[in-house]
1. Being surrounded by 15 or more Cβ atoms within 10 Å (Cβ to Cβ) and under 26 Å from L124 (Cβ atoms) is the filter here, so list the residues in region 87-96 that pass it.
2. Criterion first (more than 17 Å from I144 (Cβ to Cβ) and part of a loop (DSSP other than H, G, I, E, B)) does T192 satisfy it?
3. Against the conditions (1) out of contact with any Gly (no Cβ under 6 Å at 6 or more places or on another chain); (2) within 22 Å of T232 (Cα to Cα), where does H128 fall short? Just the number, please.
4. If you take the residues in region 165-179 that are open to solvent by less than 50 Å² (accessible area, probe 1.4 Å) and of a type in the set (F, W, Y), which one is farthest from N146 (Cα to Cα)?
5. Mind checking which residues of region 130-151 are buried (at least 19 other Cβ atoms within 10 Å of the Cβ) and of a type in the set (V, I, T)?
6. Could you tell me which residue of region 99-117 is farthest from I61 (Cα to Cα), considering only residues that are assigned to a loop (DSSP other than H, G, I, E, B), over 13 Å from the mean Cα position of the chain (by Cα) and not hydroxyl-bearing (S, T, Y)?
7. Can D189 be described as open to solvent by 20 Å² or more (accessible area, probe 1.4 Å), among the acidic types (D, E) and at pLDDT 90 or above?
8. Determine if region 205-218 includes at least one residue that is open to solvent by less than 60 Å² (accessible area, probe 1.4 Å), without any contact (Cβ under 8 Å) to a residue 60 or more places away in the chain and among the aliphatic types (A, V, I, L, M).
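The values are calculated or read from the model by the stated rules, or taken from the named source; none is laboratory data. Note that the structure is predicted; figures quoted are calculated from it, not measured. Neighbour counts are summed over all protein chains in view; Cβ atoms, including those assigned to glycine, are modelled from backbone coordinates with ideal geometry. Ligands, DNA and RNA are excluded from the accessible area calculation, which covers all protein heavy atoms including side chains. Shrake-Rupley method; radii C 1.70, N 1.55, O 1.52, S 1.80 Å.
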Amino acid sequence: MRSSNYKSSKQKPKIMYDARGMRVKQNTFAGRMKKALIFYLLPYFVINGIIFAVVTATPKIEIRVDDTDDYRTTKVEFTVKSLLPLKSLKADIESKEITFEKQGSNYTASVDMNGTFYVEAEGLNGMHASNYADVSVLDDRAPIVNGESCEVSGGDLRFTITDSQSGVNFDSIYGIYDGNREVRPLSYDRDTGVVMIPLYTNSLQIHAEDMVGNAMSISFSASAGDGSATVTEDSTGEAEAQEE
């Protein structure tokens, strides 16, 4: 009888209570899995996820080109956001290194030429990022003479000159004939760009600048009898649709 009672008592589950007298649940398989998930698997994935994010973190670069007030310079603003501190940061335009000022994650650079503005950043983890923007708001081209507009009337040469950015400096226009004799326009229209200038000989060289000093020089030759004028040389500016 003792043996039977002893065996029966061994088969009974052991009931445990905590200090408050509350029954403590047994450590079942589901409980053990939950414990493993909370205390082992979850921290493993969280820690490794953080390590992966740090190792692969790449800087983010945004660039904005401002408008220009004088057509000579403009500001380029760029922002670099990075999870880690930057190891290096450089900027250039057409391979010309540019200096910049830093304020937090924002940077400002002054540029005096058109071209491709390029930024490259390297994070502390060695990850690289780059971005670029086109700068095209500056005036680096001389005025243009429309070759089809050239004509001779009453001994005067008439032509149209334009500049799409800073505008034509009409006070800078003058002509040269006989090698060194200078002649000024009779009239000009700032709205249409039409210029009238005396044509004392069959050839005349016109000089002009835009409002920021880009200069052009173009030569005309008058055709006898038909009132037309041909662009014979365009040394520093451009002539559109030259008259043949």
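1. Step one: list which residues in region 87-96 are surrounded by 15 or more Cβ atoms within 10 Å (Cβ to Cβ), which gives 87, 89, 91-93.
Listed by number, the residues that qualify are K87, L89, A91, D92.
2. Details: more than 17 Å from I144 (Cβ to Cβ): no; part of a loop (DSSP other than H, G, I, E, B): yes.
For T192, the condition - more than 17 Å from I144 (Cβ to Cβ) and part of a loop (DSSP other than H, G, I, E, B) - is not met.
3. With (1) out of contact with any Gly (no Cβ under 6 Å at 6 or more places or on another chain); (2) within 22 Å of T232 (Cα to Cα) applied to H128, the lone miss is (2).
4. Just the residues of region 165-179 that are open to solvent by less than 50 Å² (accessible area, probe 1.4 Å), to begin with: 166-170, 172-173, 175-177.
Then drop every residue that is not of a type in the set (F, W, Y), which leaves 170, 177.
Working: F170: 16, Y177: 21 Å.
Going through the qualifying residues, I end up with Y177.
5. Hits for region 130-151 are V135, I144, V145.
6. Restricting attention to region 99-117, the residues satisfying the condition of being assigned to a loop (DSSP other than H, G, I, E, B) are 99-100, 104-105, 112-114.
Going one step further and asking which of them are over 13 Å from the mean Cα position of the chain (by Cα), we end up with 99-100, 104-105, 112.
Subset that is not hydroxyl-bearing (S, T, Y): 100, 104, 112.
Details: F100: 15, G104: 14, D112: 22 Å.
Selected residue: D112.
7. On the way: open to solvent by 20 Å² or more (accessible area, probe 1.4 Å): yes; among the acidic types (D, E): yes; at pLDDT 90 or above: yes.
For D189, the condition - open to solvent by 20 Å² or more (accessible area, probe 1.4 Å), among the acidic types (D, E) and at pLDDT 90 or above - is met.
8. Residues of region 205-218 open to solvent by less than 60 Å² (accessible area, probe 1.4 Å): 205-208, 210, 212-218.
Filter once more, keeping what is without any contact (Cβ under 8 Å) to a residue 60 or more places away in the chain: 205, 207, 213, 217.
Subsequent filtering for residues that are among the aliphatic types (A, V, I, L, M) retains none.
No - not one qualifying residue is present in region 205-218.
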